[in-house]
Structures are given as structure tokens and as C-alpha cells.
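Notes follow the structure.
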Amino acid sequence: QVQPVESGGGLVQAGTSLRLSCAPSGGTFNKHAVGWFRQAPGKEREFVARINWGLTSYAKSVEGRFTISRNNVLDTVSLQMNNLETEDTAVYYCAAGPSITNDYTYWGRGTQVTVSS
């Protein structure tokens, strides 16, 4: 099994940057697509970004500000978040699933990102 573990959350001011990282515990991200999702208070969980092999996709709300990347040597996936907005405040989750499907089988416990104005 692959248990994603997120790190890097915190409290930052609007307009600044933050980098989240996700590492697999008990397995490897090899042959898995990895995605980032977020859930703000009172809202449903939403898709943020995905990387599958070298292909990336983003939610429109973060496109141009967030970048998802993969380090195959360290077996980690990062989410670089620039020009953060207060609307980006949420718990961010890392998820992994077989690269041949669009399903996410394994989910992390999340890391809090709070953007203050």
C-alpha cells in the first residue's frame, strides 16, 4: 500500500509562496498518478492539481500560480504555490492512484494552509 504523507503547510500572508510536499509511506509513487486536493471550511473537497508521468493538469482557480512536480529520485511530489490568495485557505490533501486510471486509491491526512490578508 501507498500511504501519502503531506508536509509543508502553514500560515502565510497573501501574495507569498508556500511549497507542499508529499511522500509515500510504506510504498512508492512508482506507477501512480499523484494529485493534490483541498477542502475549505464548509465546502466540498476540490481538485487542485495532478501529475501522471510527465503530464500535469490544474484547476482553473490555481492555473498559473501553482505548479505540481515530481522528484523521481526522492520519490516525492511537490506543489509550489505562488501568489497565494485568502481563498486558497484549506486543508490540502495528497492522493495517489494507479496511473492507468483516474481513481485515487490512497489519501493522506492533509496539511493546513492558511492565507491571511
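The values are calculated or read from the model by the stated rules, or taken from the named source; none is laboratory data. Just so we're clear, the structure is a prediction, and the values are computed from it rather than from any experiment. In this analysis, Cβ positions are derived from the backbone assuming ideal geometry, glycine residues included, and neighbour counts consider all displayed protein chains. Note: areas computed on protein heavy atoms with side chains; ligands, DNA, RNA excluded. Shrake-Rupley method; radii C 1.70, N 1.55, O 1.52, S 1.80 Å.
Some observations on this one:
- Taken residue by residue, segment 58-72 has no member that is over 11 Å from S21 (Cα atoms), among the acidic types (D, E) and in contact (Cβ under 8 Å) with a residue 40 or more places away in the chain.
- Residue check, A59 among the small types (G, A, S), surrounded by 15 or more Cβ atoms within 10 Å (Cβ to Cβ) and over 15 Å from D88 (Cβ atoms): no
- Residue that is farthest from N83 (Cα to Cα), among those in segment 5-31 that are in a strand (DSSP E or B) and open to solvent by 30 Å² or more (accessible area, probe 1.4 Å): S25
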